Amino acid sequence: QVTLVESGGGLVQAGGSLRLSCVTERSVFSVNTMAWYRQPPGKQREFVAEVRRAYGTDYAGNVRGRFKISRDDATNTVYLDMNGLKFEDTAVYYCAAGERGSVWYWGQGTQVTVSE
């Protein structure tokens with residue numbers, strides 16, 4: 001069974017920063033686009049950012065310029081550095097392996113709460 005293990009969530013004041021991490025198996029990490037999604041309270045899950053095997057990245061418009069996604073092939077880890085956090089960034093953040101619309105594996109989620 002494939003597992004994606006997220007860490008780094010927590011409570012932060014508006015304007016603050018957090019770093020999320022997600023580690024998985026090499027067999028998954030090496031062949032897939034890795035991504036972060038989030039599900040705000042009472043809303044549907046939404047795309048946040050992705051990093052492809054060749055290190056190309058893409059971001060949702062509402063996080064571009066504030067969040068940065070990166071991957072470390074040596075440790076099979078994908079990171080999401082979140083700066084300038086806003087109240088509306090409050091959500092459960094999920095790590096994912098696969099392309100948008102075709103995600104193969106999901107993590108269990110980590111809560112990020114931004115206080116105003």
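The values are calculated or read from the model by the stated rules, or taken from the named source; none is laboratory data. Here the structure is a predicted model, which means the values were calculated and not measured. Glycine also receives a Cβ, built like all others from the backbone with ideal geometry; neighbour counts cover every protein chain displayed. Keep in mind that these areas ignore ligands, DNA and RNA; they rest on the heavy atoms of the full protein, side chains included. Shrake-Rupley method; radii C 1.70, N 1.55, O 1.52, S 1.80 Å.
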- request: Note down the net charge around Gln39, summing +1 for each Lys or Arg and -1 for each Asp or Glu among other residues with Cβ under 10 Å from its Cβ.
  value: +2
- line: For the stretch 55-103, Rg(Cα) over 2.2 N^0.38 Å is 1.24
task: Taking only protein heavy atoms into account and a 1.4 Å probe, give the accessible area per residue of the chain in Å².
output: 51 Å²
- prompt: Given only helices, namely DSSP H runs of n ≥ 4 each adding -39500 (n - 2.57), what is the per-residue ellipticity at 222 nm of the chain, to the nearest 500 deg cm²/dmol?
  reply: -500 deg cm²/dmol
query: Using a probe of 1.4 angstrom, how much of the accessible area of the stretch 22-96 is carbon and sulfur, in percent?
result: 49 percent
message: Among Tyr93, Gly42, Asn62, which residue has its Cα furthest toward the positive end of the charge dipole of the chain, with +1 on Lys/Arg Cβ and -1 on Asp/Glu Cβ?
response: Asn62
Directionally averaged projected area (convex hull, Cα atoms, the stretch 13-116), nm²: 6.2 nm²
task: Would you tell me the accessible area of Glu25, worked out with a 1.4 angstrom probe on the heavy atoms of the protein chains, in Å² to the nearest 10?
output: 70 Å²
